[in-house]
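The values are calculated or read from the model by the stated rules, or taken from the named source; none is laboratory data. Computed from a predicted model, the values in this text were never measured in an experiment. Counting neighbours? That spans all protein chains shown, and the Cβs are built from the backbone with ideal geometry, glycine included.
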Amino acid sequence: MQTLLDGGIAFVIALQGLGDWLIAPMRFFSQLGSENFFFIVLPLIYWSMDAALGLRIAFILMTSNMLNILGKLMFAGPRPYWVSSHVRGLWAESGFGIPSGHAQNAVSVWGVIAVYLKKTWVWVVCGILIFMIGFSRLFLGVHFPHDVLAGWLIGAALLWAFNRFWDPVAARLAQKSFGQQVLLAFTGSMIFLSMGMGIISLRSGFELPAQWVENALLAGPESPDPVNPEGTFTVSGTFFGLGVGLAWIHSMGGHQASGPVGKRALRYVIGLAGVLILWMGLGAVFPRGDDALAYALRFLRYSLVGWWVAGGAPWVFQHFKLSASGSMKGSI
């Protein structure tokens, strides 16, 4: 293992030696694989461009995030700039390294876009983005080559599974009642939450080597906190909210993203305002901490955000005649 880490550090140092002119473009590509970027683009696609594609992106992203959190906790791998002070941490991270979440999400999300659109030029663009996002993580000093490779492989396996099972699973879910769909969403979120908290409990006694912490602080004031359960509650809550919102809007005829450009733009502005109110507003009101109440409220906050994106906002759009109801091909 040490040989693998040493070789990875040497490789990253060589990449960073190519020059600081690459920092800005590498940060740009990393942003294209970040959760924050996808959370901005996802509502735009679902509300205003293609509802069926938006749903695919939403659920593959949530599933990818779930698997990535579990993988990071199981492997507990360091990041290059934690291990060696000769590696510059050009993008601070607080969690474990393997598998790379950026690389995994890039294959999952950009891959599902390419599969859905079935256009050669889209495949080429998405392929370039997937590679550059993974490469950027190496240059920025936050991942070893094996972290990125593991992320790509897991993302590819997840993409294959979604492409293979999405339609038959969606067809079966469409036959379920609203209550059954909500129960399934809740069950799925609780399974992930239980798995995540189970692994976290096993890692509760894990102590980062002092050298890792010292090196990490060279990149910024944020100290590594890789066994923090916040991500587990965030993803499980969002997954549950998406499922409830989708079941609710489906029971009222579904959501169509078609319409005049002006209405599409207005949908996005109104919908995004709602996301910010729920996300930032409740984040400012709800207490923060590491107790059960804070985590339960975090689950609730992200459940409401997921519900708003999938069902609440589309209902508002329909109510104010900004969109029409209709079936979403390939959804539920």
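Structure notes:
- Within the stretch 40-56, residues that are touching a residue at least 24 places away in the same chain (Cβ under 8 Å) and over 16 Å from Trp166 (Cβ atoms) have Cβ atoms under 7 Å from residues that are among the charged types (D, E, K, R) and surrounded by fewer than 24 Cβ atoms within 10 Å (Cβ to Cβ) in these pairs: Ser48/Arg264, counting only partners at least 6 apart in sequence or on another chain.
- If you go through the stretch 252-275 and pick out every residue that is in a helix (DSSP H, G or I) and either surrounded by 16 or more Cβ atoms within 10 Å (Cβ to Cβ) or touching a Leu at 6+ places or on another chain (Cβ under 9 Å) (or both), you end up with 10.
- The condition (being farther than 17 Å from Pro145 by Cα, touching a residue at least 40 places away in the same chain (Cβ under 8 Å), part of a loop (DSSP other than H, G, I, E, B) and hydroxyl-bearing (Ser, Thr, Tyr)) is satisfied by just one residue among Ser94, Ser64: Ser94.
- Within the stretch 141-155, being closer than 16 Å to Tyr81 by Cβ, at pLDDT 95 or above and of a type in the set (A, V, I, L, M) holds for one residue alone: Val148.
- Per this entry, Gly127 is counted among residues that are over 17 Å from Val235 (Cα atoms) and part of a helix (DSSP H, G or I).
- Residue match in the stretch 288-304 (condition: among the polar types (S, T, N, Q), at pLDDT 90 or above and either part of a loop (DSSP other than H, G, I, E, B) or in contact with a helix residue (DSSP H, G or I) (Cβ under 7 Å, 6 or more places away or on another chain) (or both)): yes
- The number of residues in the stretch 189-204 being under 18 Å from Ala296 (Cβ atoms), touching a residue at least 12 places away in the same chain (Cβ under 8 Å) and of a type outside the set (A, V, I, L, M, F, W, C) comes to 2.
- Filtering Met190, Met195 for residues that are surrounded by 15 or more Cβ atoms within 10 Å (Cβ to Cβ) and modelled with pLDDT of 90 or more leaves a single hit, Met195.
- Those residues of the stretch 13-40 which are more than 19 Å from Glu93 (Cβ to Cβ) and outside any helix (DSSP H, G or I), in sequence order: Gly17, Leu18, Gly19
- Selection status of Gly231, at negative phi, modelled with pLDDT under 95, out of contact with any Cys (no Cβ under 9 Å at 6 or more places or on another chain) and assigned to a helix (DSSP H, G or I): yes
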